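Before any comments, here is the structure.
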Amino acid sequence: MKIRYIATLLLLAVGTVSCKDWLDVYPRSEITSNKVFENEDGFYSALAGLYIKMADDKLYGFDLTCGYLDMMGGAVYTGGGAYLTYYANNFYNDPSYAVTVAPLQFPAFNHTRGAIRTERTDATYEAIWTKMYNTITNANLLLQELKTTDVAFETGVKELLTGEALAVRAYLHLDLVRLFQPPYLSEQGRTAKRIPYMETLDALKFVPSSTTDEILDKVDADLAHAAEIMKDNDPISSNKSYHTLMFTTSRQYKLNYYAVKLLQARSFLYRGKNKEAYAAAKEVIDNAAGAGVHFITEAERNRVDSYGTPVDRSCPMENLFAVLTDDLDENMQDAVKANGGTRLGVFGKLASNKWLSATSGLTPAAFFSAASDIRINLWKRTIYPSGMIGKYIRESSTPEDIALYPKQAVTLLKLGEAYLIAAEAAIEAVDPGEGLSILQQLQTARQGGIYNSADPEGLKAEILLEYRRETLGDGQLFYAYKRRNEERLITLYQVPELTYYFTMDDNKYTPDIPDKEYNAGRTY
């Protein structure tokens with residue numbers, strides 16, 4: 001029974017939109033008999049279920065954003081940098097050093113088939129793989145039902161349901177490529193076959209792996225279709241309104257039209273399609289204000305809790321797409337424990353960030369921007385243990401402060417990334433001057449250091465540094481390094497005059513697929 005771990009259950013939401021009310025639905029016949037899709041509510045619940053599954057802390061609720069992915073990108077402090085980089089750089093492929101190297105979970109989970117392996121790390125990516133493909137299968141089920149249903153939806157609603165389900169499927173497949181396929185610019189980056197593109201409901205059927213280009217062609221097609229049918233129907237990009245609150249309020253917690261456009265830009269940039277990436281990102285930038293998305297203002301920064309900490313420190317007003325999760329604060333509190341918590345362990349904790357120290361004499365040039373950068377005061381934790389990243393942490397538990405805090409949500413697509421993509425793509429698609437202008441707009445909004453050179457290589461290097469600053473806690477830094485196939489990945493452990501880094505290659509950038517998939521016949 002091959003590939004039984006891709007999706008063993010179809011989890012659908014029925015009834016009210018609450019995590020506790022989801023039912024586990026097994027065979028296809030049972031879904032039919034339960035008449036889940038008999039009316040509009042069943043479709044709405046199924047769509048809400050996709051977002052709840054994405055918010056699982058093994059996926060975007062923690063591991064694929066502010067947890068493991070940020071650690072893999074060098075955005076999480078990992079203790080004694082000299083010790084870690086020495087062993088990881090020199091003994092990465094030596095099984096005799098497994099006890100020393102594997103627990104570091106760094107980089108790319110330290111997975112080398114046949115060399116350093118641990119049950120813990122394999123369990124981590126097995127959970128990621130299984131939950132991602134399970135969510136894709138649920139999206140496929142919703143899409144199939146939408147094609148055949150005779151439910152009479154309000155005009156435009158069926159298009160929104162279809163567009164969001166397509167976007168969920170595309171989002172997950174793109175991240176599966178960015179994580180489990182080799183770097184696109186590497187020798188086998190476009191042709192390696194390690195993961196499948198899933199558009200079937202049969203979880204027990206073996207689906208052969210596809211190349212990166214084959215998968216991303218389908219991702220881009222899904223997003224193009226989604227954008228086409230959503231543009232004139234999504235309230236965020238049109239004047240439409242609907243009776244159901246699902247498509248009228250809180251569009252930043254759904255894959256809305258502009259989130260789809262930014263996801264297009266992310267996919268295009270990954271493949272070096274700079275003209276397309278620039279156009280998609282610019283559409284987001286040019287329409288953000290009208291969609292209610294903006295960089296945090298001084299007034300918003302001045303709203304504080306009883307500790308004096310900005311209540312909007314995570315910048316929710318900048319999100320194009322975020323997923324809600326009640327466990328975010330708890331997971332972050334665990335990750336910043338001084339001696340290491342259960343989430344990331346003793347070798348990984350969201351601790352002192354050398355950029356957040358904002359002191360040019362102590363912070364290497366690889367991090368330093370300007371002490372005036374508003375992200376420093378927003379994201380640096382100021383109470384004990386101080387110096388740690390507090391972007392998603394609620395400092396107070398008093399009812400008065402809880403009432404001030406926004407909903408707990410982790411960022412998946414944000415306005416700042418639209419500027420970074422547009423700036424980088426513009427270097428080739430327009431000219432370096434345009435790229436510099438867009439980067440300076442972002443840096444001006446952040447009130448940090450302003451980069452002034454239009455030299456293409458220098459500009460690209462500065463944009464990578466800005467990924468480190470702007471996407472802290474979002475899980476995007478690792479993907480930026482991998483997309484460029486950078487030979488050195490800078491770590492957070494730094495001292496004056498010295499830069500500690502991991503020497504990278506295709507293998508270190510590319511976690512293995514889970515053992516159970518590999519042993520079941522998915523070879524490469």
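Structure notes:
- Leading residue by the ranking (modelled with the lowest pLDDT) among those in segment 211-258 that are surrounded by fewer than 23 Cβ atoms within 10 Å (Cβ to Cβ) and aromatic (Phe, Trp, Tyr): Tyr242
- Taken together, the residues in segment 472-510 that are of a type outside the set (D, E, K, R) and modelled with pLDDT of 85 or more amount to 14.
- Residue match in segment 195-203 (condition: surrounded by fewer than 23 Cβ atoms within 10 Å (Cβ to Cβ) and assigned to a helix (DSSP H, G or I)): no
- Residue in segment 148-155 that is in the same structural domain as Thr244 (by TED's automatic domain parsing), assigned to a helix (DSSP H, G or I) and touching a residue at least 24 places away in the same chain (Cβ under 8 Å) present: no
- Ala403, sole failed condition from (1) surrounded by fewer than 20 Cβ atoms within 10 Å (Cβ to Cβ); (2) in contact with a helix residue (DSSP H, G or I) (Cβ under 8 Å, 6 or more places away or on another chain): (2)
- With respect to the conditions (1) crowded, with 16+ Cβ neighbours inside 10 Å; (2) in a loop (DSSP other than H, G, I, E, B); (3) out of contact with any helix residue (DSSP H, G or I) (no Cβ under 7 Å at 6 or more places or on another chain), Ser186 lacks only one, and its number is (3).
- Being farther than 28 Å from Ala403 by Cβ, of a type in the set (D, E, K, R) and touching a residue at least 24 places away in the same chain (Cβ under 8 Å) is a condition met by at least one residue of segment 238-256.
- Being surrounded by 15 or more Cβ atoms within 10 Å (Cβ to Cβ) and without any contact (Cβ under 8 Å) to a residue 12 or more places away in the chain is a property that holds for Glu434.
- Hits in segment 291-349 (condition: within 19 Å of the chain's Cα centre (by Cα), at pLDDT 90 or above and part of a strand (DSSP E or B)): Asn319, Leu320, Phe321, Ala322, Val323, Leu324
The values are calculated or read from the model by the stated rules, or taken from the named source; none is laboratory data. Since the structure is predicted, the reported quantities are computational estimates derived from the model, not experimental observations. With ideal geometry, Cβ positions are generated from the backbone for all residues, glycine too; neighbour counts draw on all protein chains shown.
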